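The values are calculated or read from the model by the stated rules, or taken from the named source; none is laboratory data. Values in this document were obtained by computation on a predicted structure and should not be read as measured data. Using ideal geometry, Cβ is built from the backbone for each residue, glycine included, and neighbour counts are taken over all protein chains shown. Only protein heavy atoms, including side chains, enter the accessible area calculation; ligands, DNA and RNA are left aside. Shrake-Rupley method; radii C 1.70, N 1.55, O 1.52, S 1.80 Å.
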Amino acid sequence: MSEGDSIGESVHGKSSVVYRFFTRLGQIYQSWLDKSTPYTAVRWVVTLGLSFIYMIRVYLLQGWYIVTYALGIYHLNLFIAFLSPKVDPSLMEDSDDGPSLPTKQNEEFRPFIRRLPEFKFWHSATKGILVAMVCTFFEAFNVPVFWPILVMYFIMLFCITMKRQIKHMVKYRYIPFTHGKRKYKGKEDMGKTFAS
């Protein structure tokens with residue numbers, strides 16, 4: 001392999017300007033993602049705002065229903081992965097190796113670990129909205145279709161998928177949402193404190 005054969009290197013062994021530009025662009029993007037990590041509510045508000053802008057754009061243009069349908073299916077897929085445990089208890093039922101969700105009150109507590117973490121869910125959902133928004137600028141993606149059929153099919157698909165997911169949650173007794181850390185009460189202090 002010669003000196004200039006590796007990716008991103010020029011003939012003289014130094015990295016090319018294009019490679020350095022995209023590397024730096026990736027670093028800046030990752031830095032912004034890292035800074036946004038603790039601001040969960042702000043991130044989701046921005047994503048909901050983008051989806052609202054997208055819906056207004058589709059409504060005003062009266063088209064791109066296939067793109068919107070594909071975006072809805074993609075978001076449904078992400079949401080199901082967000083609700084699902086990382087290790088599927090139905091697969092762990094047959095084998096005894098590996099962790100499983102507790103099924104009785106006296107079993108050891110194991111926290112719910114998602115297949116798709118919240119941050120990746122947000123990041124993928126936002127990228128999906130942005131890709132769909134870009135697609136609305138190209139007439140090639142504006143396939144003529146009777147949109148009420150797509151809406152009805154999406155509603156049916158959503159109901160069937162969520163019914164199956166809820167049955168799975170009930171059968172294996174896990175709840176994907178928690179509202180804060182569980183607080184345990186210790187012994188009540190019967191004595192009065194001394195004031196000095």
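Quick notes on this structure:
- Contacts under 8 angstrom Cβ, first residue in the stretch 18-39 being farther than 16 Å from residue 123 by Cα and open to solvent by less than 90 Å² (accessible area, probe 1.4 Å), partner at pLDDT below 95 and not hydroxyl-bearing (Ser, Thr, Tyr), 6 or more apart: 23/8
- Restricting 64, 147 to those that are at pLDDT below 95, farther than 18 Å from residue 177 by Cα and touching a Lys or Arg at 6+ places or on another chain (Cβ under 9 Å) reduces the list to 64.
- Subset tally (residues that are free of Cβ contacts under 8 Å to residues at least 60 places away in the same chain and open to solvent by less than 70 Å² (accessible area, probe 1.4 Å)) for the stretch 136-161: 2
- Hey, residue 98 buried (at least 16 other Cβ atoms within 10 Å of the Cβ) and either assigned to a helix (DSSP H, G or I) or at pLDDT below 90 (or both) or not: no
- Every residue from the stretch 43-67 that is open to solvent by 90 Å² or more (accessible area, probe 1.4 Å) and in a helix (DSSP H, G or I): 45, 48, 52, 53, 55, 59, 60
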